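Enquirer: Here it is: the structure, laid out below.
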Amino acid sequence: MDRKELSAIVLELLEKETGESYPMLEDSTSLREGLNLDSLDMAGLVLHIESRFGIQIETELLEGINTVGDLLTMLDAKIATKVGRQAA
């Protein structure tokens with residue numbers, strides 16, 4: 001899955017969680033200020049992401065996630081690790 005596909009899925013899950021409509025996600029957009037996500041929105045989004053991709057996101061990882069790009073990079077790594085485990 002490439003980053004553009006991953007971004008589209010995150011956008012879909014974000015809109016599902018918040019009930020808001022977002023035109024597009026830019027890597028530099030802040031999750032809190034740019035998308036107005038609070039801690040409850042973030043928790044819900046993480047649950048949707050974990051369910052959709054079959055991964056677990058540790059709380060420590062979330063502390064370093066400030067922008068859409070940070071989130072996508074972390075998800076890309078998590079998904080790659082999962083795929084690597086399945087292939088082994």
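Enquirer: Where does helix 68-87 land angle-wise versus the long Cα axis of the chain, in degrees 0 to 90, nearest 10?
Expert: 20
Enquirer: If you don't mind, another one. So what is the relative contact order for the chain, in percent, with contacts set as C-alpha pairs under 8 Å and at least six apart?
Expert: Averaging sequence separation for qualifying contacts and normalising by length gives 34 percent for the chain.
Enquirer: Among LEU72, LEU61, LEU37, which one shows the biggest mean-square fluctuation in a GNM of the chain, springs joining Cα atoms closer than 10 Å?
Expert: Answer for the Gaussian network model of the chain: LEU61.
Enquirer: For the range 3-87, compute the orientation-averaged projected area of the C-alpha convex hull (one quarter of its surface), in nm². Walk me through the numbers on the way to the answer.
Expert: Working: hull surface 20.9 nm².
So the mean shadow area of the Cα hull is 5.2 nm².
Enquirer: Okay, next question. Using θ = phi - 60° and the Karplus form 6.51 cos²θ - 1.76 cosθ + 1.60, what ³J(HN,Hα) does each residue of the range 39-51 get, whole Hz, x for Gly and Pro?
Expert: Result, ordered by residue: 5, 5, 4, 5, 4, x, 4, 4, 4, 4, 5, 4, 5 Hz.
Enquirer: Need the full-extension length gain, GLU26 to MET74, defined as separation in residues times 0.36 nm minus the C-alpha distance. One decimal, nm.
Expert: Values: separation 48, 0.36 × 48 = 17.28 nm, distance 1.53 nm.
Gain on extension, GLU26 to MET74, equals 15.7 nm.
Enquirer: Please report, in cubic angstrom per residue, the volume enclosed by the convex hull of the alpha-carbon atoms of the range 21-67. Walk me through the numbers before you get to the answer.
Expert: Details: hull volume 4.3 nm³, N = 47.
Here the figure is 92 Å³ per residue.
Enquirer: Order by neighbour count: ILE9, ILE57, fewest other Cβ atoms within 10 Å first, most last.
Expert: Working: ILE9 15, ILE57 18.
Exposure proxy ranking, most exposed first: ILE9, ILE57.
Where a number appears in this text, it was derived from the coordinates with a stated rule and is not lab data. These numbers were taken from a predicted model, which means no experiment stands behind them. All Cβ positions, even for glycine, are placed from backbone atoms using ideal geometry, and neighbour counts span all protein chains on display.
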